[in-house]
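Taking it in order: structure first as C-alpha cells, then the write-up.
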Amino acid sequence: MAANIFEKIITNINKNKLKYIFLLIIVLLILPFVVENQYVLHIAVLTLMYVLLSSSLNVIVGYTGQYNIGHVAFYAIGAYTAAIISTRFNLNFIIVILISGFVASLFSLMLGIPTLRLRGIFFAFTTLGFAEITRLTILNWRSLTRGPFGIPGVPIPQIFGMRLSTNTHFYFMIFILLFLMLLMTYRIINSRVGRAWISIREDEQASASMGVDTFKYKIMNLMYGTFWAGVGGAFFAYFAGYVSADSFILDESFRFFAMVLVGGTGTLAGPILGGAVLTILPQVFRSFARYQMIIYGVAILLIIHYKPEGLLGGRTFKRDLSESEDN
Amino acid sequence: MFGFYLSQLFNGITQGSIYALMAIGYSLIFGTLGLVTFAYGDIVIFGVFVGYYFYAVLGLNLILAMLLALPITFLFGVLVEKICYEKFRKEARMLMLITTVGFGIFLRSASQIIFGTGNKSIPTLIEGKIEIGNLNILYIQLGIIIFTLIFIYALRYFLNNTRTGIGIRALSMDQDAAKLVGVNVDKSIKFGHSLGVVLGVFGGIMLGSFYNAISPMMGPNLGLKAFTAVVLGGITSIPGAVIGGYILGIMENLAVAVFSSGYRDVVAFIILIIVLVVKPSGLFGKEVKF
C-alpha cells in the first residue's frame with residue numbers, strides 16, 4: 001500500500017523536479033551532522049518551524065484564497081494546549097502534539113462557521129480580531145494560562161526511553177513533521193478535495209454552480225491548515241520549553257503572511273523558499289533586527305507591486321465576475 | 001452604584017463619539033474604494049503621532065499642533081492611496097487588501113522606531129470638570145461629544161451640497177455611472193480616501209486626549225473597532241456608522257463596568273461575530289456583496 005502511494009507520487013512529479021527534491025532532502029538530512037555550531041543549528045530548527053507554519057497558512061491563503069491574517073491564534077492555541085496538557089498529565093509528546101493540532105482545528109471550526117459563509121473580507125477581519133482576542137484571553141485567564149507569567153517547565157519529550165533535548169533531536173523532529181505535512185498536503189492538493197479548494201480560489205460562484213459544496217470545502221481547508229499551525233505551536237512549546245503570550249503577537253501572523261506571499265501562494269515550494277529566506281535573512285543582518293517588521297512590510301508591498309504571484313508563484317490574481325459586477 | 005453605571009454610560013457615549021468619527025472615516029473609504037482596508041488604524045495612529053511630534057518635539061501649542069496634523073495627514077492619505085490602491089483599481093480586489101496589510105505592518109513598525117514602542121502621553125486639550133451629584137463630567141468629554149456632532153453635520157452638508165461631495169457619493173453608488181456623468185473618478189477617490197483618513201485622525205486625537213496615552217501598537221485594534229462599528233451599522237451607511245460607533249462605545253464601557261477592564265477589547269470582537277451570524281448586512285445596510 002505504502003509503496004503503491006509512493007510510486008504514484010513519483011510518477012506525478014516530473015523527473016527534473018524530483019532530482020531537486022531528493023537533493024534538498026539529502027542536504028537537510030546531512031546538515032545537523034556537518035554543522036557543529038549550536039546557534040546555527042538552532043536557527044535551522046526555527047527555519048523549518050517557520051516553513052511548517054507558513055506552509056500551513058499557504059494551504060488556506062494559497063489554495064483556497066481565504067485570507068487568514070490571524071494565523072498566529074492557532075499557533076498560540078497549539079502551543080498553549082501542549083504546554084497545559086504536558087505540564088499536567090504524563091502523556092507521550094506525539095499524542096500531545098496531535099491533541100494540540102486538533103484543538104487548534106476545533107477553534108478554527110468555531111470561527112469558520114459564522115464567517116466562511118460570507119465573502120472573504122469578513123473572514124479576513126474576523127481572523128485578525130480572533131488573533132487579538134486569543135492573546136488577550138491568554139493574558140487574562142490566569143487560572144489556566146498563568147496570564148502574563150507564561151507556562152515554564154514544558155517537559156522534555158521522550159521516545160523509546162530517549163530524551164529529546166538537543167538541537168539535533170529537535171531538528172529531526174521538525175524535519176519529520178514538515179516532511180509529513182508536505183507529503184500529506186501534496187496528496188490532498190492532487191485529489192478531489194484539493195481540486196475543489198483550488199476551484200473555490202479561482203471562482204467561488206462558478207465552483208458552486210459546478211456542484212462543489214464550497215462552504216464544506218472551505219471549512220475542511222481551514223481545519224486542515226490550522227491543524228498544522230497547532231502542531232507547529234506544540235512543537236514550539238517543546239522546543240522552547242516555555243510559552244508566553246509575548247511569542248504570539250500579531251506581528252507573528254504578519255510574518256507568516258509575508259513568507260507565504262514572498263515565496264509564492266498556491267505552490268508547495270513557495271512557502272519553503274519564503275519561510276527560509278525571511279527567517280534566515282534577519283539572522284544574517286542581525287544589526288537590523290529592529291527593522292525586521294519593516295522589511296516584512298516592504299517585502300509584501302514590493303511583491304504585490306512587481307510580482308503578485310510571488311517568487312515561485314503558481315497562481316495569477318484576476319478580478320472575477322462577481323467582483324466587477326457590483327463596482 | 002447607580003452613579004457608577006451612569007458615569008460609565010457617559011464614558012461610553014464619549015468613546016462612542018470617537019468610534020463614530022473613525023467609523024464614518026472608514027465608511028467613506030469603503031464607499032470610494034469599494035473595499036475594506038487593514039491599515040486604517042495604523043494610519044490614524046500615525047496621524048496622531050504627527051500632531052504629538054509637533055507638540056512635544058517642536059514645542060508648538062497643543063491645539064495648534066493637533067490642527068496642523070490634519071492637513072498633513074490629508075496629504076499622507078493621498079500618498080497611501082498612491083502606494084496601496086492606485087495601480088490596483090482595476091485588478092483583483094485581494095491585491096489591494098494585501099497592500100493595505102503590508103502598508104499597515106510597515107507604518108506600524110516604522111512608527112515604533114521613530115516614536116518608540118511605549119505609551120506617549122498627550123495632555124488633555126480642555127481641562128476641568130463639572131460635578132452633578134456624584135457624577136463627574138469632564139469638559140473634554142463634552143468637547144468630544146460636541147465636536148463629533150459638529151463634524152457629522154459638516155460632513156453631511158459637504159456630501160449633500162458640494163460638487164466634490166456629491167461626486168464622492170456618486171462614486172460609492174456606481175463608479176462607471178459616476179464617470180459617465182462627468183465625475184473625476186481619480187480625484188474623487190483620492191479626496192474621499194484622504195477625508196476618511198482625516199476623520200479617523202481627528203477621532204484618534206480625541207482618543208489620545210481622553211485617555212492621555214497613545215502608542216503605535218494601538219493601530220490594529222482601532223482598525224478592528226472602526227470596522228466593527230461600520231459592519232454593525234451597515235457597511236455603506238454613514239448614519240449607520242455613527243450609530244454603530246455609539247453602540248460599540250457604550251457596550252464596551254458597560255462591559256468594563258460589569259466584568260473587568262482586561263476584556264474591554266473582546267467586546268468589539270463578540271459584537272462583530274454576532275452581527276455576522278445574525279445580520280451580516282448590519283442594522284441599516286442594504287444587502288451588499290463583498
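Quick notes on this structure:
- Criterion: touching a residue at least 60 places away in the same chain (Cβ under 8 Å) and open to solvent by 10 Å² or more (accessible area, probe 1.4 Å) - qualifying residue of A:Phe74, A:Phe93: A:Phe93
- So A:Gly310, is it under 20 Å from A:Ser56 (Cβ atoms) and modelled with pLDDT under 85: yes
- Top-ranked residue of the range B:20-70 - restricted to ones that are free of Cβ contacts under 8 Å to residues at least 40 places away in the same chain and among the small types (Gly, Ala, Ser), ranked as most open to solvent (accessible area, probe 1.4 Å): B:Gly59
- The numbered conditions (1) in contact with a strand residue (DSSP E or B) (Cβ under 7 Å, 6 or more places away or on another chain); (2) of a type in the set (A, V, I, L, M, F, W, C); (3) under 17 Å from B:Phe269 (Cα atoms) are all true for A:Phe123 except (1).
- If you go through the range A:134-161 and keep only what is under 27 Å from A:Tyr39 (Cα atoms), open to solvent by 50 Å² or more (accessible area, probe 1.4 Å) and either touching a helix residue (DSSP H, G or I) at 6+ places or on another chain (Cβ under 8 Å) or not in a strand (DSSP E or B) (or both), you end up with A:Phe149, A:Gly153, A:Pro155, A:Ile156, A:Gln158, A:Gly161.
- Selection status of B:Asn221, part of a helix (DSSP H, G or I), open to solvent by 10 Å² or more (accessible area, probe 1.4 Å) and within 14 Å of chain A (Cβ to nearest Cβ): yes
- Selected residue [among the polar types (S, T, N, Q), within 12 Å of chain B (Cβ to nearest Cβ) and farther than 19 Å from B:Ile98 by Cβ] from A:Thr134, A:Thr126, A:Thr145: A:Thr134
- Out of B:Thr117, B:Thr124, one residue alone is more than 14 Å from every other protein chain (Cβ to nearest Cβ), outside any helix (DSSP H, G or I) and either in contact (Cβ under 8 Å) with a residue 40 or more places away in the chain or crowded, with 23+ Cβ neighbours inside 10 Å (or both). It is B:Thr124.
- Of the numbered criteria (1) over 24 Å from A:Arg135 (Cα atoms); (2) open to solvent by less than 10 Å² (accessible area, probe 1.4 Å); (3) not hydrophobic (A, V, I, L, M, F, W, C), the one B:Pro239 fails is (2).
- Residue in the range B:231-251 that is at pLDDT 80 or above and on the phi > 0 side of the Ramachandran plot present: yes
- Residue check, A:Pro282 at pLDDT 75 or above, touching a Phe, Trp or Tyr at 6+ places or on another chain (Cβ under 8 Å), under 15 Å from A:Met259 (Cα atoms) and in a loop (DSSP other than H, G, I, E, B): no
- Qualifying residue in the range B:32-42 (condition: closer than 21 Å to B:Pro239 by Cβ, at pLDDT below 85, part of a loop (DSSP other than H, G, I, E, B) and not β-branched (Val, Ile, Thr)): yes
- Only one of the numbered conditions (1) of a type in the set (Lys, Arg); (2) open to solvent by less than 40 Å² (accessible area, probe 1.4 Å); (3) free of Cβ contacts under 8 Å to residues at least 12 places away in the same chain is violated by B:Arg108, and that is (3).
- B:Ala154 being within 14 Å of chain A (Cβ to nearest Cβ), more than 23 Å from B:Phe54 (Cα to Cα), in a helix (DSSP H, G or I) and open to solvent by less than 80 Å² (accessible area, probe 1.4 Å): no
- Put simply, of A:Gly65, A:Gly129 the only residue that is buried (at least 23 other Cβ atoms within 10 Å of the Cβ) and not in a helix (DSSP H, G or I) is A:Gly65.
- Some residue of the range B:205-214 being touching a residue at least 40 places away in the same chain (Cβ under 8 Å) and more than 30 Å from B:Lys129 (Cα to Cα): no
- B:Ala268 vs. criteria modelled with pLDDT of 90 or more and closer than 26 Å to A:Asp246 by Cα: no
- Test set (1) farther than 13 Å from B:Leu222 by Cβ; (2) under 10 Å from the mean Cα position of the chain (by Cα); (3) of a type outside the set (Gly, Ala, Ser); (4) within 14 Å of chain A (Cβ to nearest Cβ) - B:Tyr40 fails condition number: (1)
- Of all residues in the range A:64-90 being of a type in the set (Ser, Thr, Tyr) and more than 14 Å from every other protein chain (Cβ to nearest Cβ), the one that is nearest to A:Leu109 (Cα to Cα): A:Tyr75
- Of the residues making up the range B:270-284, those that are in a helix (DSSP H, G or I) and open to solvent by 50 Å² or more (accessible area, probe 1.4 Å) are B:Ile270, B:Ile274, B:Val277, B:Val278.
- Boolean, A:Arg201 is open to solvent by 30 Å² or more (accessible area, probe 1.4 Å), in a helix (DSSP H, G or I), within 14 Å of chain B (Cβ to nearest Cβ) and within 19 Å of A:Thr265 (Cβ to Cβ): yes
- Within the range A:122-146, the set of residues being farther than 19 Å from A:Glu252 by Cα and touching a residue at least 24 places away in the same chain (Cβ under 8 Å) comprises A:Leu144, A:Thr145.
- Filtered residues of the range B:76-103 (kept if open to solvent by less than 10 Å² (accessible area, probe 1.4 Å), in contact (Cβ under 8 Å) with a residue 60 or more places away in the chain and more than 7 Å from chain A (Cβ to nearest Cβ)): B:Gly77, B:Val80, B:Glu81, B:Tyr85, B:Met96, B:Thr100
- The residue list B:Gly34, B:Gly59 contains one member that is within 14 Å of chain A (Cβ to nearest Cβ) and over 16 Å from the mean Cα position of the chain (by Cα), which is B:Gly34.
- Inclusion of B:Thr73 among residues that are farther than 16 Å from B:Ile189 by Cβ and either at the interface with chain A (Cβ under 10 Å from one of its Cβ atoms) or surrounded by fewer than 22 Cβ atoms within 10 Å (Cβ to Cβ) (or both) is not warranted.
The values are calculated or read from the model by the stated rules, or taken from the named source; none is laboratory data. The model shown is predicted, which means the values in this text are computed figures rather than measured ones. We place every Cβ from the backbone using ideal geometry, glycine too, and count neighbours over all the protein chains shown. The accessibility values were calculated without ligands, DNA or RNA, using every heavy atom of the protein model including side chains. Shrake-Rupley method; radii C 1.70, N 1.55, O 1.52, S 1.80 Å.
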